[in-house]
Structure formats: C-alpha cells, structure tokens
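The values are calculated or read from the model by the stated rules, or taken from the named source; none is laboratory data. If you're wondering where the values come from, they're calculated on a predicted model, not measured in any experiment. A quick note on method: Cβ atoms are made from the backbone with ideal geometry, for glycine too, and the neighbour counts reach across all protein chains shown.
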Amino acid sequence: TATTTKAAAQAAPAAAPVAVRSSRGKRLSLVVPMHNEAPVFDALFERLEATVGKLRIDLEIVCVDDGSRDNTLDLLRAKAKADKRIRAVALSRNFGKEAALTAGLEAATGDMVVPLDADLQDPPELIAEFVALWEQGYDVVYGVRSDRTSDTVLKRTTANLFYRVFNMLSDYPIPASTGDFRLMDRRVVEALMRLPERNRFMKGLFAWVGFRQVGVPYVRPARMAGETAWGYRKLMRFAVDGLTAFTTLPLRIWTLVGIGSAVLAVITGLGLIVRVLVVGRDVPGYASLMVVLLFGFALQMIALGVMGEYLGRMYQEVKGRPTYLVKDRIGFDS
Ligand code: UDP
Ligand code: MG
C-alpha cells in the first residue's frame, strides 16, 4: 500500500488534501433560526437525520424560535423532549434572522458550528464535505451558490448589484453568492461573539473575522414549503428602521435633499451655459455665481446627511439594548 499512496500523492495536484485534525470525539452544532416554520418542520428533521445524523460525530441541533406565530415552538418542545440532541432557544418576539442566528451561535456548544436555514434551502448533505474540509485545517467552510436560477431575475440582479457596491466600499469583501450556510470552527464563533455591535449584518461580520476560509459550490434549491419572509421582511425592516430609528430619519433625509440639490445644480448650470451661448449674457457673473452657490449648498447637505447616517447608527449602538431577549431555553439542562 505504501507504493500506491506514493503514486497517488504524485498524481495528485500540489495542494493535496491532508487531514491535519480529526473530527473524532468533536461536537458539531447546527444552528437553525425558525420563524413560522411548522410547514417544513418534519421534513427538516427527517432530512437532518438522514444526513448529519449519519455522520460519526457528536451532534447538537440548536433551534431558535424567532417569535413564530404558528406552532413551531410547540413542535420544538415536543421534539426536544423526544431527542436529547435537540435544544431550543425561544426569543421573546420576532427579532429578525440576524438576531436569531446570534442567539443560536451563543447557545451552541460545538467545536464546529453550522448555521442552517429551516426551509432546507441549505442542503444538509453538504455538511459532510464541510467537515472534511475542516479536517484539512480550514476554519470557515462556506457554501457558494453556483447557480441562482431558483431566484427571480429581479432578486438576482439586485443581489449582484449589492455585492458589487458593498465590495467596492468595504475593506472586508464578501464572497459573492454566499449566505449564512457555512461551517465555522469554535474559534471563529468565539471571535464573532466578541463583536459587540447590535446591527448584526452577519455576512459582513463573517468576512471581517478572517481565519482560513474556503468556499464550496452548491446549487440552492427553492424553499421546500411554507413562506419566505422576504418581501414581507424587507417591508418589516423598512418599517422597523423608520420607527426604532425615529430620530435618525430626519438626519438621513438630508442625504436625499443634498443629492437632489446637486442634480438640480448641474441641470441649472447646464441650462444657464446653453442660455448664455444661445441668447447671450444678461447680468454678468450671475450664471457662475448661481452654479457655485447651488453646488456648494448641495455638497454641504450631502456631508450633513452622511454624518446623520453615522450619528443614527451610533445612537442605536449607544443605547446598548440587547440584540435579542430569550423567553425560554429548552433542553439545555441535560
Ligand atoms: N427567519 C427568522 N426570523 C425572521 C425571518 C426568517 O429566524 O424574522 C429564518 C427562517 O425561519 C429561515 C431563515 O431565517 O430558517 C431564512 O428565512 P427565509 O427562508 O424566509 O429567507 P430566504 O431564504 O427567502 O432569504
Ligand atoms: Mg429560504
């Protein structure tokens, strides 16, 4: 066998996979945020049983009930009672996916932690591959959607635009088409928990912490059953933004005013130039004065608006409200 391994090693590419650590005796935690997921509940656990349940590793499933209005929490109670591997954290109301995920990550005890959508859009079959890459020394193994045809054209275009703009502006680029579906080493989870911010934009935080990361392409299926909170959620976020940040809106609005004035200034300026060229000048100096005045005014407004953006966020953080509140913890005593 020595010769065959040698031959295999020679045939393999330069960076041949080498296991540097073993998952033997380690614990894997799945973190599943759930908001009104009763329609997919049974299918989810069946699928998990058939995939990660088969892995030779200690398993823990931390479900976070994010203020469901259906019977998700009752189902979870029953499930946790019947199966010691299943634990649940019930939040006191709907805090949104990012907060639910944070609650789950903080409750998880595993050496490896995998956040997973309840609707089976993150195929649990992939987790075996994630674990294998973890064994090769990667601290973060993230799923990359190789094909987004299960999304509408609109969602795809806006998502692409978002990644492009974000990566242009941010020092910590997010790999495109990457969601929360990933395997993280304990160290990475600890690092995430040390970030104190309330505005938990997970994708950004994941990128910020660094560590050895690798992507695994996969095809993301459509939602199994139930309803996406998306269109709804976007509106919700919009409303919550407007209400909680009640006092930041008057600050932020100046950005729009500033941009509007800048556009107006440019149009007015062009109009005046054309007028001078066609009709001739009336009062000397008027046109240039007007352009400078309007444009300067617009710039000040934009600057004020940008400061408002930051001030509003500082206000949110300074209030220091917790990211989420727990109503109930189920199955953690064992
Ligand atoms: N989710 C949550 N709280 C919310 C909205 C969603 O915990 O307020 C959960 C949801 O149960 C699911 C995951 O976040 O497990 C992804 O949500 P969804 O499938 O609705 O989003 P999409 O896949 O359409 O982006
Ligand atoms: Mg989904």
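Given (1) part of a helix (DSSP H, G or I); (2) within 28 Å of PHE41 (Cα to Cα); (3) modelled with pLDDT under 75; (4) more than 16 Å from ligand 2 (Cβ to nearest atom), identify the lone condition not met by ALA239.
Unmet condition: (2).
Do any residues in the stretch 141-170 that are of a type in the set (A, V, I, L, M, F, W, C) and at pLDDT below 75 have Cβ atoms under 7 Å from those of residues that are outside any helix (DSSP H, G or I) and surrounded by 15 or more Cβ atoms within 10 Å (Cβ to Cβ), where the two are at least six apart or on different chains, and which pairs are they?
PHE166/ILE174
List the number of the failed condition for LYS79; all other conditions in (1) within 18 Å of LYS26 (Cβ to Cβ); (2) away from ligand 2 (no atom under 16 Å from the Cβ) hold.
Just one mismatch for LYS79, condition (1).
If I go through the stretch 39-52 residue by residue, how many of them are away from ligand 2 (no atom under 15 Å from the Cβ), in contact with a helix residue (DSSP H, G or I) (Cβ under 9 Å, 6 or more places away or on another chain) and not aromatic (Phe, Trp, Tyr)? Even if it seems obvious, please write down each step before you answer.
Within the stretch 39-52, the subset away from ligand 2 (no atom under 15 Å from the Cβ) is 42, 45-46, 48-52.
With in contact with a helix residue (DSSP H, G or I) (Cβ under 9 Å, 6 or more places away or on another chain) added as a condition, the list becomes 42, 45, 48, 50-52.
Narrowing further to those that are not aromatic (Phe, Trp, Tyr): 42, 48, 50-52.
So the count comes out to 5.
Of the residues ILE259, ILE267, only one is at pLDDT below 85, over 19 Å from the mean Cα position of the chain (by Cα) and away from ligand 2 (no atom under 16 Å from the Cβ); which?
Details: ILE267 fails: at pLDDT below 85.
Criteria check complete, one pass: ILE259.
GLU135 - would you say it is surrounded by 14 or more Cβ atoms within 10 Å (Cβ to Cβ), closer than 26 Å to SER29 by Cα and in contact with a helix residue (DSSP H, G or I) (Cβ under 8 Å, 6 or more places away or on another chain)? Lay out the reasoning, then the answer.
Details: surrounded by 14 or more Cβ atoms within 10 Å (Cβ to Cβ): yes; closer than 26 Å to SER29 by Cα: yes; in contact with a helix residue (DSSP H, G or I) (Cβ under 8 Å, 6 or more places away or on another chain): no.
In short, no.
From the list GLU60, GLU46, which residue is of a type in the set (Asp, Glu), surrounded by 15 or more Cβ atoms within 10 Å (Cβ to Cβ) and more than 18 Å from LYS327 (Cα to Cα)?
Values: GLU46 fails: surrounded by 15 or more Cβ atoms within 10 Å (Cβ to Cβ).
Only one candidate passes the filter, namely GLU60.
Between residues in the stretch 267-280 that are free of Cβ contacts under 8 Å to residues at least 40 places away in the same chain and residues that are β-branched (Val, Ile, Thr) and loosely packed, with under 13 Cβ neighbours inside 10 Å, which pairs lie under 9 Å by C-beta distance while being six or more apart or on different chains?
If the second residue must be β-branched (Val, Ile, Thr) and loosely packed, with under 13 Cβ neighbours inside 10 Å, no pairs are left.
Condition first: in a helix (DSSP H, G or I) and farther than 22 Å from VAL209 by Cβ. Now tell me which residues in the stretch 134-164 satisfy that. Write out each step before concluding.
Taking the stretch 134-164 as the starting set, the residues that turn out to be in a helix (DSSP H, G or I) are 134-135, 153-164.
Answer for the stretch 134-164, where residues must be in a helix (DSSP H, G or I) and farther than 22 Å from VAL209 by Cβ: VAL153, LEU154, LYS155, ARG156, THR157, THR158, ALA159, ASN160, LEU161, ARG164.
Quick one: in the stretch 182-193, which of the residues that are exposed (fewer than 14 other Cβ atoms within 10 Å of the Cβ) and out of contact with any Ser or Thr (no Cβ under 9 Å at 6 or more places or on another chain) is nearest to VAL141 (Cα to Cα)?
Going through the stretch 182-193, the residues exposed (fewer than 14 other Cβ atoms within 10 Å of the Cβ) turn out to be 187, 190, 193.
Checking which are out of contact with any Ser or Thr (no Cβ under 9 Å at 6 or more places or on another chain) leaves us with 187, 190.
Details: ARG187: 13, GLU190: 16 Å.
Checking each candidate, the answer is ARG187.
Would you check if ASP122 is within 21 Å of LEU205 (Cβ to Cβ), within 16 Å of ligand 2 (Cβ to nearest atom), touching a strand residue (DSSP E or B) at 6+ places or on another chain (Cβ under 7 Å) and of a type outside the set (Phe, Trp, Tyr)?
Numbers: within 21 Å of LEU205 (Cβ to Cβ): yes; within 16 Å of ligand 2 (Cβ to nearest atom): yes; touching a strand residue (DSSP E or B) at 6+ places or on another chain (Cβ under 7 Å): yes; of a type outside the set (Phe, Trp, Tyr): yes.
The answer is yes for ASP122.
Residue-wise test of (1) in a loop (DSSP other than H, G, I, E, B); (2) farther than 23 Å from ALA99 by Cβ; (3) not acidic (Asp, Glu).
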residue	(1), (2), (3)
PRO284	yes, yes, yes
SER288	no, yes, yes
PHE295	no, yes, yes
ALA298	no, yes, yes
GLY308	no, yes, yes
ARG313	no, no, yes
GLU317	no, no, no
TYR324	yes, no, yes
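With the structure loaded, tell me whether TYR218 is surrounded by 14 or more Cβ atoms within 10 Å (Cβ to Cβ), over 24 Å from ALA128 (Cα atoms) and at pLDDT 75 or above or whether it fails that test.
Details: surrounded by 14 or more Cβ atoms within 10 Å (Cβ to Cβ): yes; over 24 Å from ALA128 (Cα atoms): no; at pLDDT 75 or above: yes.
No; evaluated as a whole, the condition is false for this residue.
What number of residues within the stretch 86-122 satisfy the criterion of being within 13 Å of ligand 1 (Cβ to nearest atom) and assigned to a loop (DSSP other than H, G, I, E, B)?
Residues meeting the conditions: 11.
Give the residues of the stretch 182-211 that are over 21 Å from VAL144 (Cβ atoms), in contact (Cβ under 8 Å) with a residue 40 or more places away in the chain, of a type outside the set (Lys, Arg) and assigned to a helix (DSSP H, G or I), sorted by residue number.
Listed by number, the list holds a single entry, MET193.
All but one of (1) away from ligand 2 (no atom under 16 Å from the Cβ); (2) surrounded by fewer than 19 Cβ atoms within 10 Å (Cβ to Cβ); (3) in a strand (DSSP E or B) hold for GLY179, so report the exception by its number.
Here GLY179 clears every test but (1).
If ASN71 satisfies all but one of (1) crowded, with 18+ Cβ neighbours inside 10 Å; (2) away from ligand 2 (no atom under 16 Å from the Cβ); (3) of a type in the set (S, T, N, Q); (4) modelled with pLDDT of 90 or more, what's the number of the condition it fails?
Among (1) crowded, with 18+ Cβ neighbours inside 10 Å; (2) away from ligand 2 (no atom under 16 Å from the Cβ); (3) of a type in the set (S, T, N, Q); (4) modelled with pLDDT of 90 or more, the lone unmet condition for ASN71 is (1).
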